[in-house]
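Have a look at the structure below before the remarks.
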Amino acid sequence: MKKIFKYILIVLIVIILVPVIINFYVILSTKNRIVSGNSELLTDIDYIVVLGAGIRRGKPSPMLEDRLKTGISLYNNDISNKILITGDHMNDDYDEVTVMKNYLLEHGIPEEDIITDNYGISTYDSIYRVKNVYKSNKVVIVSQRYHLYRALFLSDNLDLESYGVEADLRYYYGQWYREIREILARNKDFIKGIIKPKAVYTAFNYN
């Protein structure tokens, strides 16, 4: 009986420790590549990549709006002359990409400088498509810090040189829940980063 209990205890420790170790590895291996918007590292950037997030009644959520604001700031500072917006637009009822594009247009970004990726249905798919569909070599990724660790980790594993600029411009309601959920997401994408499956959609779309 003691031996069985010992084995159960070992299994439980492994189940708890492995995700924690992976979580910290993803963070520690990428945190030095989260830089300021005027960093000297941001040269020869192909795209300013703004990752999608929630929308509400046809408008960007606060989190998405801050990503777009940060992307606009980078564009206006001549970090790149192209903004690539990637998000979920897989049905007519939910369209992150059009909302993002409209916001950029309303804030003075020329339409010809906006590249839309309607098939960014996950962080992995977005990064995969930035590298393999849009043929990027070096990008700056815009998102909140908690999310950037995972996006940069995936970039590393997909051989995409990338830097992150955080878009934390305010407090976001429910952030504690996102932080907990992100631990699971980092573990899932840690495995994906090793296996490197193709994105669900590999079609090219350019608007």
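Tabulated data for the structure shown
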| item | result |
| --- | --- |
| Sole residue being touching a helix residue (DSSP H, G or I) at 6+ places or on another chain (Cβ under 7 Å) and closer than 22 Å to Lys82 by Cα, chosen from Leu152, Leu169, Leu148 | Leu152 |
| Enumeration of residues in the range 94-137 that are out of contact with any Lys or Arg (no Cβ under 9 Å at 6 or more places or on another chain), within 21 Å of Glu161 (Cα to Cα) and of a type in the set (Phe, Trp, Tyr) | Tyr134 |
| Count - residues of the range 64-86 that are over 19 Å from Thr43 (Cβ atoms), surrounded by 21 or more Cβ atoms within 10 Å (Cβ to Cβ) and among the aliphatic types (A, V, I, L, M) | 3 |
| Those residues of the range 110-164 which are among the basic types (Lys, Arg), within 18 Å of Ala199 (Cβ to Cβ) and surrounded by fewer than 18 Cβ atoms within 10 Å (Cβ to Cβ), in sequence order | Lys135 |
| Selection from the range 163-182 of residues that are among the β-branched types (Val, Ile, Thr) and at pLDDT 95 or above | Val165 |
| Hey, Asp189 among the charged types (D, E, K, R), modelled with pLDDT of 95 or more, part of a helix (DSSP H, G or I) and surrounded by fewer than 19 Cβ atoms within 10 Å (Cβ to Cβ) or not | no |
| Every residue from the range 1-60 that is assigned to a loop (DSSP other than H, G, I, E, B) and hydrophobic (A, V, I, L, M, F, W, C) | Met1, Val35, Leu41, Leu42, Ile45, Ala53 |
| Residue check for Val99: at pLDDT 90 or above, assigned to a helix (DSSP H, G or I) and aliphatic (A, V, I, L, M) | yes |
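Condition check ((1) touching a His at 6+ places or on another chain (Cβ under 8 Å); (2) aliphatic (A, V, I, L, M); (3) touching a residue at least 60 places away in the same chain (Cβ under 8 Å)) across all residues:
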| residue | (1), (2), (3) |
| --- | --- |
| Thr123 | yes, no, yes |
| Ala151 | no, yes, yes |
| Asp156 | no, no, yes |
| Val165 | no, yes, yes |
| Ile183 | no, yes, yes |
| Arg186 | no, no, yes |
| Ile194 | no, yes, no |
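The values are calculated or read from the model by the stated rules, or taken from the named source; none is laboratory data. As the structure is a computational prediction, the values presented were derived from the model and not from experiment. A quick note on method: Cβ atoms are made from the backbone with ideal geometry, for glycine too, and the neighbour counts reach across all protein chains shown.
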